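Following: one structure in structure tokens, then a few remarks.
Read-outs: derived from the displayed coordinates by stated rules, not from any lab. Note that the structure is a prediction, hence the values are computed from the model and not measured. Note that we place each Cβ from the backbone using ideal geometry, even for glycine, and neighbour counts take in every protein chain shown.
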Amino acid sequence: MPENEGNLPEKPYQLVEFAAMQRKGAPAVGHQVLRADTLTGYLDLVLLARRPVQVASGSFDVRETERGEQIVAVGSSRLRYDAAGARRREPVIPGSSLKGMLRSLVETISPSCVVTASGATRFAVPVGLTRCTDPQYLCPACRLFGMSGAGRNNYYGQVRIEDALLDSALAPNGGTVLVRTPLLWTPARGHGGLPGRYLRGPKARGRKLYVHSKPAAGVDARLAFGSGSALRTRLYFENLTPGELGLIMAALGQHPQYHFLPKVGGGKPLGMGSIEVFVRGVCLQGQVAQTGRQGGQGTRFGTVRVQEEVSRWVASATAEGILVEKALADVAGVLAPSGLERPPLEGMY
């Protein structure tokens, strides 16, 4: 929003100070072998929508509503085959969106670089936090999620996430609903860089997190997963240290002392996108040979064992210096579940 448009309310966000003014770098571990001294496996996750969630597809459709036919923003979906072999389209939260959400939180709570999308804002990145460009010196977030540098200096990362699909067995009343929200304006229309309120001197004050609230009502129609919907997904990882897995767990809101609800998708300033993450299981592959062959069927942990292991992994993350607990505490304060009852702002956003 332009600075001179004081009649528009400020979007409901808070700035969290950067976890460290110098990123912590280390070489990429690579993908050519599954190492016996690291952790490889997957997490089974359940995402509970505490507020409506939509990752927009960019498409619109005409739907029959109580107000008659109306143009509606459609959420992301994918084609699947049912047991009879028939094709059908199912709504999803794309794995790429979940990976982006998780990376953003990992960057916020660890000594990681600041990846900016526009050259116009790079001037505001604090010294020491400019984006990684060398696979031999990667911050924790770039080691986990990958890095795109110049020329051949790219890295795939160690984490991938499947699309999240609705699970009607877990939440029979869940599914897509029509929600109506106010129209959203960009934070800085007409500006070439960051608005002054984001800055301390010439540099950015921190990372922006939108707070939870009750949904705001308006005229913009969207199809979204309704509150109470449950979705399942799986997060795969390879060659992680215990601390790196602990960092992921903390970013999912699983730290025993710092529980919070992440936000994903569109409409975050409007009270949308709040989810609660449940880790239903962890599978760790067995010992691996130097050739990269996987051994055994892996070890699977149930919910009770997962909680015990999470405590150990997050402690390792702190010991490895890749989890900054003050930053995590700040995030947990901004995204605390109690914020779900915060009244939404009124008017245009």
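With each run of n ≥ 4 DSSP H residues scored as -39500 (n - 2.57), what mean residue ellipticity at 222 nm is computed for the chain after dividing by its residue count and rounding to the nearest 500 deg cm²/dmol?
Working: 5 runs with 58 residues, N = 349.
Taken over the chain, the calculation gives -5000 deg cm²/dmol.
Would you grab the residues whose amide H sits under 5 Å from the one on TRP185? Only those 5+ places off in sequence or on another chain, please, with H modelled 1.01 Å from N.
TYR349
Rank the residues TRP185, TRP313 as a footprinting-exposure proxy: fewest other Cβ atoms within 10 Å of their Cβ go first. Numbers along the way, then the final one.
Values: TRP185 15, TRP313 26.
The most exposed by this proxy come first: TRP185, TRP313.
Rounded to a whole number, what is D in µm²/s for the chain from Stokes-Einstein with the Kirkwood radius over alpha-carbon pairs (25 °C, 0.890 mPa s)?
Values: Rh = 21.5 Å.
Diffusion coefficient, whole number: 114 µm²/s.
As an exercise, use a Förster radius of 30 Å and the Cβ-Cβ distance of LEU199 and GLN22 to find the FRET efficiency, rounded to the nearest 0.05. Don't skip to the end; give the middle numbers.
Details: r = 20 Å, r/R0 = 0.67.
The value I calculate is 0.90.
Based on the mean of other Cβ atoms within 10 Å per residue, sort peptides 87-93, 250-256 so the most packed one is first.
250-256, 87-93
Can you work out ³J(HN,Hα) from phi for every residue in the stretch 140-150, in order, using Karplus 6.51 cos²θ - 1.76 cosθ + 1.60 and θ = phi - 60°, giving whole Hz and x for Gly and Pro?
Whole-Hz 3J(HN,Hα) from phi for the stretch 140-150: x, 5, 6, 5, 6, 10, x, 8, 10, x, 8.
By how many nm would the segment from GLU346 to THR299 lengthen if fully extended, with 0.36 nm per residue of separation less the alpha-carbon distance? Could you put the intermediate results ahead of the total?
Details: separation 47, 0.36 × 47 = 16.92 nm, distance 5.08 nm.
Gain in length upon complete extension: 11.8 nm.
Which three lengths, in whole Å and largest first, does the stretch 117-182 cover when its Cα atoms are put on their principal axes?
Computed over the stretch 117-182, the largest-to-smallest principal extents equal 48, 33, 20 Å.
Rank these for me by crowding, THR38, THR176, going from fewest to most other beta carbons within 10 Å. Mind dumping the intermediate values first?
On the way: THR38 17, THR176 20.
Ordered by Cβ neighbours within 10 Å, fewest first: THR38, THR176.
Just want to confirm a number: the relative contact order over the chain, from Cα pairs under 8 angstrom separated by 6+ residues, in percent. Walk me through the numbers on the way to the answer.
On the way: 814 pairs, mean separation 106.6, N = 349.
Relative contact order here is 31 percent.
For CYS283 and ASP61, compute 0.36 nm times the residue count separating them, minus their Cα-Cα distance, and round to one decimal in nm.
Stretched fully, the CYS283-ASP61 segment lengthens by 75.9 nm.
Between the stretch 235-272 and the stretch 81-134, how far is it from one alpha carbon centroid to the other, in angstrom?
If we compute the Cα centre of each part, the gap is 12 Å.
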